[in-house]
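Just below is one structure, and these are the notes that go with it.
Throughout, read-outs are computed from the coordinates displayed, never taken from laboratory work. Bear in mind the structure is a predicted one, so any value in this text is a computation, not a measurement. With ideal geometry, Cβ positions are generated from the backbone for all residues, glycine too; neighbour counts draw on all protein chains shown.
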Ligand SMILES: [Zn+2]
């Protein structure tokens, strides 16, 4: 079973976004990082850092802006759309 990260919208999280699981994509630790910041805030700060992949190597052809677009969040980051990953 896969879960979608509510911060970066990565759709392949192996664990649900709670109980101190860490998203391999944006690195959010659920229950810790999101205890004092909203998911929206975490998403913006991740994007402000050019949306880096957190753990190891990203999947082939992974594109954080495409990932956000697929989840209909691209309007928040429209200014970045078209930038190279
Ligand atoms: Zn994430």
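P(r) tail for region 3-52: Cα pairs beyond 16 Å make up 28% of the total.
Within the listed set 53, 62, 39, the residue fluctuating most in the Gaussian network model of the chain (springs between alpha-carbon atoms under 10 angstrom) is 62. Taking the inverse of the mean reciprocal distance over all distinct Cα pairs, the Kirkwood hydrodynamic radius of the chain comes to 12.9 Å.
Here the relative contact order of the chain, from alpha carbon pairs under 8 Å that lie six or more residues apart, stands at 23 percent.
With the simple model of a label 7 Å out from the Cα in the direction of the Cβ, residue 66 to residue 50 spans 1.9 nm.
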